[in-house]
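Read through the structure below, which is laid out as structure tokens, and then see the notes.
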Amino acid sequence: MLIFSNFAIYSECLMTSKNKLNIIAGPCSVESQEQLLTSTQALCSLPQVGLIRAGVWKPRSRPGGFEGLGEQALIWMQELQNSDLRMSDGRPVRFCCEIARPEHVDLCLRHNIKNAWIGARTTTNPFMVEEICKALRGTSMTVMVKNPICPDVKLWVGAIERIQKVCKEQVVAIHRGFYTYDNHGFRNAPLWDIALDMRRHLAETPIFCDPSHMAGNRLLIEPLVHMALQLAYDGLFIEVHHAPDQALTDAQQQITPRELLQLLQNIEGINTNTGDTLDNALAMLRQQIDNIDHDLLHLLAQRMTISRQIAQVKYQHEASAYQPTRWQQVLDNRLQQASNEGLDQHFVKELMEKIHAESLRIQIEK
Ligand code: PEP
Ligand code: MN
């Protein structure tokens with residue numbers, strides 16, 4: 001049962017219809033004219049695919065490999081956009097590609113490519129984001145912003161805010177996972193809580209999930225998509241190649257158009273129960289949650305009042321606010337209770353640390 005975010009405006013090229021999962025799909029890179037045509041023909045007919053992705057500039061970690069076809073790829077994309085090929089909803093084919101330098105914006109616009117994404121490496125670098133913004137100012141490009149490689153929510157929010165200042169079209173966030181010391185079997189660890197944090201900062205910004213770059217391996221894609229659905233993502237940004245094992249870049253994580261269709265069928269129906277029906281079904285449970293939150297806050301306020309009284313007593317006895325032995329006892333005791341109540345230890349530890357920090361702040365400021 002899922003609630004889909006109800007965004008008022010969508011970029012025309014991204015949205016199929018409200019409450020439907022938007023799909024942006026296509027090969028990691030444009031490799032040849034034939035490959036682009038074959039992928040595009042296969043993807044066009046798939047429902048929900050609103051836009052086709054295809055990388056054009058592909059500098060790799062180490063030099064010497066296939067590095068993308070550059071402007072030649074844009075020429076082929078433009079030809080297909082002008083051909084009789086149509087998406088499943090009858091609109092002309094549209095492409096997006098990665099922009100990593102201001103010149104890329106100019107080249108895309110010269111070839112009528114009006115949708116682009118900023119890659120994870122670029123989001124990491126506000127100098128370059130700023131340069132790209134200068135090139136975007138006054139244009140009508142839809143820009144999607146991938147999360148930065150490192151788990152730093154401010155870089156992601158900052159890049160989106162910079163782009164929002166110059167773009168007339170709606171800006172979209174793409175969650176593609178983060179590089180961490182231990183990626184837990186993923187190419188880029190999803191770290192869903194960082195994406196939630198970003199969404200708290202930018203509640204109006206639609207968010208897509210890129211399970212391909214999270215997974216790095218096609219077998220891990222479907223569970224990631226299910227997770228994205230549970231978290232009410234607005235769409236998927238997914239790598240699809242007609243012969244993935246022969247792909248020149250990211251071969252292991254690409255799936256075939258047929259596999260994408262199967263995936264879409266497997267998740268069909270998950271996003272149907274929205275709006276009034278869902279609200280009615282949840283009304284009583286939500287009322288209980290509201291009451292409990294009310295009581296929790298009231299108890300917290302009482303706890304802080306006692307902290308103020310404690311501050312007075314410590315002051316009179318010239319004792320420091322922080323009492324490490326007492327804090328250790330409190331924490332051990334609460335963790336024991338957490339275990340008895342079936343609560344997650346990590347969660348309760350973080351919660352108690354936050355409460356303790358606030359209590360100390362009140363005592364010190366007193
Ligand atoms: C891509 O989508 O092809 C790409 C290079 O992505 P990222 O910036 O997420 O690595
Ligand atoms: Mn890729």
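Residue by residue through the range 107-121, note down the ones that are open to solvent by less than 10 Å² (accessible area, probe 1.4 Å) and either away from ligand 2 (no atom under 14 Å from the Cβ) or farther than 13 Å from Asp152 by Cβ (or both). Answer for the range 107-121, where residues must be open to solvent by less than 10 Å² (accessible area, probe 1.4 Å) and either away from ligand 2 (no atom under 14 Å from the Cβ) or farther than 13 Å from Asp152 by Cβ (or both): Cys108, Ile113, Asn115, Ala116, Trp117, Ile118, Gly119. Restricted to the range 64-80, and to residues that are among the acidic types (Asp, Glu) and more than 13 Å from ligand 1 (Cβ to nearest atom), which residue is least open to solvent (accessible area, probe 1.4 Å)? Only one residue tops the list, namely Glu71. So, Thr249, is that one crowded, with 16+ Cβ neighbours inside 10 Å, more than 16 Å from ligand 1 (Cβ to nearest atom), β-branched (Val, Ile, Thr) and assigned by TED's automatic domain parsing to the domain that holds Glu169 or not? No, not satisfied. In the range 177-189, of all residues being in a loop (DSSP other than H, G, I, E, B) and modelled with pLDDT of 95 or more, the one that is surrounded by the fewest Cβ atoms within 10 Å (Cβ to Cβ) corresponds to Tyr179.
Taking the range 201-220 as the range and being charged (D, E, K, R) and more than 11 Å from ligand 1 (Cβ to nearest atom) as the test, the residues that pass are Glu204, Arg218. All conditions in (1) among the hydroxyl-bearing types (Ser, Thr, Tyr); (2) surrounded by fewer than 18 Cβ atoms within 10 Å (Cβ to Cβ); (3) more than 25 Å from Glu34 (Cβ to Cβ) hold for Tyr233, with the sole exception of (2). Taking first residues from the range 115-133 that are of a type in the set (D, E, K, R) and more than 13 Å from ligand 1 (Cβ to nearest atom) and partners that are open to solvent by 10 Å² or more (accessible area, probe 1.4 Å) and part of a helix (DSSP H, G or I), the Cβ contacts under 7 Å between residues at least 6 apart in sequence or on separate chains come to Glu130/Arg162; Glu131/Pro102.
Each row is one residue, and each column tells you yes or no for (1) under 22 Å from Ile118 (Cβ atoms); (2) within 11 Å of ligand 1 (Cβ to nearest atom); (3) free of Cβ contacts under 8 Å to residues at least 40 places away in the same chain.
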position: Gly55; (1), (2), (3): yes, yes, no
position: Arg62; (1), (2), (3): no, no, yes
position: Asn82; (1), (2), (3): no, no, yes
position: Met87; (1), (2), (3): no, no, no
position: Pro92; (1), (2), (3): no, no, yes
position: Asp106; (1), (2), (3): yes, no, yes
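When every residue of the range 255-267 is checked against the conditions, at least one turns out to be within 16 Å of ligand 1 (Cβ to nearest atom) and out of contact with any Pro (no Cβ under 9 Å at 6 or more places or on another chain). Note on the range 260-293: residues that are within 26 Å of Gln48 (Cα to Cα) and either among the aliphatic types (A, V, I, L, M) or buried (at least 16 other Cβ atoms within 10 Å of the Cβ) (or both) amount to 9. Close contacts from the range 243-270, counting a first residue that is within 19 Å of Ser29 (Cα to Cα) and without any contact (Cβ under 8 Å) to a residue 60 or more places away in the chain and a second that is surrounded by fewer than 19 Cβ atoms within 10 Å (Cβ to Cβ) and β-branched (Val, Ile, Thr), with Cβ to Cβ under 7 Å and a gap of 6+ residues or different chains, come to Pro244/Thr256.
Going by the structure shown, is Asp332 within 30 Å of Asp279 (Cα to Cα) and of a type in the set (D, E, K, R)? Judged against the criteria, Asp332 is not a match.
The one condition from (1) under 16 Å from the mean Cα position of the chain (by Cα); (2) within 21 Å of Gln35 (Cα to Cα); (3) among the polar types (S, T, N, Q) that Thr256 does not meet is (1).
For the range 330-352, the condition holds for no residue, the condition being that it is touching a Pro at 6+ places or on another chain (Cβ under 8 Å) and open to solvent by less than 40 Å² (accessible area, probe 1.4 Å).
The values are calculated or read from the model by the stated rules, or taken from the named source; none is laboratory data. Since the structure is predicted, the reported quantities are computational estimates derived from the model, not experimental observations. Note that we place each Cβ from the backbone using ideal geometry, even for glycine, and neighbour counts take in every protein chain shown. Please note that ligands, DNA and RNA were not included when accessible areas were found on the heavy atoms of the full protein model with its side chains. Shrake-Rupley method; radii C 1.70, N 1.55, O 1.52, S 1.80 Å.
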